[in-house]
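Down below is the structure, laid out as structure tokens.
The values are calculated or read from the model by the stated rules, or taken from the named source; none is laboratory data. Since the structure is predicted, the reported quantities are computational estimates derived from the model, not experimental observations. Every residue, glycine as well, gets a Cβ built from its backbone with ideal geometry; the counts of neighbours run over all protein chains shown. Each accessible area value is taken on the protein alone, full model and side chains, heavy atoms only, with ligands, DNA and RNA left out. Shrake-Rupley method; radii C 1.70, N 1.55, O 1.52, S 1.80 Å.
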Amino acid sequence: MIEPLPRKRMKRSEIREQTRSRLLEAALKLFVKTGIEGFSVEDVAEMAGYSRGAFYSHFESKDDLVCAVLEHEIRRGHEQLDVLFAQEQPPPERLRQIRAYYVSVVRDVD
């Protein structure tokens, strides 16, 4: 018989970050699907698998959440561009990749 591996216990800070990340992910999905006005705090909490109280322990309001989602997405975009700029490439190749990145952003319906 194979014994199960002991699960690593998460630190409180890791649990908080995981909860926040799940709430942000759920909000982004709802934001894309319904628009900002089309979802409620309760919708986000339910989709993420948490209570309304968990939502409010991470965000002051729906507006605060929307700003956090936008900030997260902007940071993610900057990180992708940072990777492109960190690579040593001739300018024409770098420009091609930057164009490809922006074309993919524009074509992303989400």
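Using θ = phi - 60° in the Karplus curve 6.51 cos²θ - 1.76 cosθ + 1.60, the 3J(HN,Hα) couplings for the stretch 87-94 round to 7, 7, 9, x, x, x, 5, 4 Hz; x is entered for Gly and Pro.
Let me know the shape class of the stretch 36-110, please: from the alpha-carbon gyration tensor, a ≥ b ≥ c as square roots of the eigenvalues, rounded when a/c is under 1.5, otherwise prolate if a/b is greater than b/c, or oblate. Prolate shape, in that a/c is at least 1.5 and a/b is the bigger ratio. For the stretch 1-85, the set of GluC sites (Glu not before Pro) satisfying both a DSSP loop assignment and a count of at most 15 other C-beta atoms within 10 Å is given as 60.
Provide 107, 9 ordered by accessible surface of protein heavy atoms (probe 1.4 Å), highest first.
Details: 107 185, 9 210 Å².
Largest to smallest exposure gives the sequence 9, 107.
Solvent exposure of residue 63, expressed as accessible area, is near 110 Å², computed with a probe of 1.4 Å over the protein chains only.
How high is the FRET efficiency from residue 41 to residue 87, r the C-beta distance, R0 41 Å, rounded to 0.05? Rounded to the nearest 0.05, the efficiency is 0.50. Heavy-atom surface analysis with a 1.4 Å probe gives the chain a carbon and sulfur content of 55 percent of its accessible area.
Along the stretch 69-74 the Karplus relation, 6.51 cos²θ - 1.76 cosθ + 1.60 evaluated at θ = phi - 60°, assigns HN-Hα couplings of 5, 4, 4, 4, 5, 5 Hz to successive residues, with x for each Gly and Pro. Connecting C-alpha atoms closer than 10 Å in a GNM of the chain, tell me which of 41, 69, 83 has the biggest fluctuation. Greatest mean-square fluctuation among the candidates belongs to 83. Net charge of the neighbourhood of residue 63, taken over other residues with C-beta under 14 Å away and scored Lys/Arg +1, Asp/Glu -1, is -3. Ordered from highest to lowest accessible area with the whole protein assembly present and a 1.4 Å probe, 59, 31 read as 31, 59. Taking every protein chain into account, the 1.4 Å probe leaves residue 104 with about 60 Å² of accessible area, to the nearest ten. On the beta carbon distance between residue 80 and residue 25, with R0 = 22 Å, the FRET formula returns roughly 0.80. Note on the chain: helix-only mean residue ellipticity at 222 nm, from DSSP H runs of 4+ residues weighted -39500 (n - 2.57) and normalised by residue number, equals -24000 deg cm²/dmol.
Spin-label pair residue 63-residue 18: with each label point 7 Å from Cα along the Cα-Cβ axis, the two points sit 3.3 nm from one another.
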